[in-house]
Amino acid sequence: MPTYDYVCDGCGHAFELFQSMTDSVKKTCPKCGKKKLRRLIGAGGAIVFKGSGFYKTDYRSESYKKGAAADSGGSGDAGKKKDGGASASGGKGSGEG
């Protein structure tokens, strides 16, 4: 449900109202009670993220972060595990043939 901006032409009271798109436009000011309320034209119905930033890596688990650091930085343990699995299966294939 979107948030709409309203302003009263009678008293100048401005506020935001969280309402459904199918709800009718409000006409009465909640502060002064006059029927001089109008809805302002907004920037659109886009999602607005407020804060320092939202990134796909913000909510990753610690195990994922450690694995990613091992893959990108020092390929020590992660590279050995991958190579060890490939040579072990290769050894079985050559021993049987």
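The values are calculated or read from the model by the stated rules, or taken from the named source; none is laboratory data. Given the structure is predicted, the values throughout are model-derived calculations rather than measurements. Every residue, glycine among them, receives a Cβ derived from its backbone with ideal geometry; neighbour counts consider all protein chains shown.
Take segment 40-68 and flag every residue that is among the aliphatic types (A, V, I, L, M) and at pLDDT 85 or above.
Matches in segment 40-68: LEU40 only.
Name every residue in segment 18-39 that is aliphatic (A, V, I, L, M) and at pLDDT below 90, in order of residue number.
The answer is MET21, and nothing else.
For segment 1-47, please list each of the strands (runs of 3 or more DSSP E) lying entirely inside it that holds at least 1 residues being under 23 Å from the mean Cα position of the chain (by Cα) and surrounded by 14 or more Cβ atoms within 10 Å (Cβ to Cβ).
Of the strands (runs of 3 or more DSSP E) lying wholly inside segment 1-47, those with at least 1 residues that are under 23 Å from the mean Cα position of the chain (by Cα) and surrounded by 14 or more Cβ atoms within 10 Å (Cβ to Cβ) span 3-8, 14-18.
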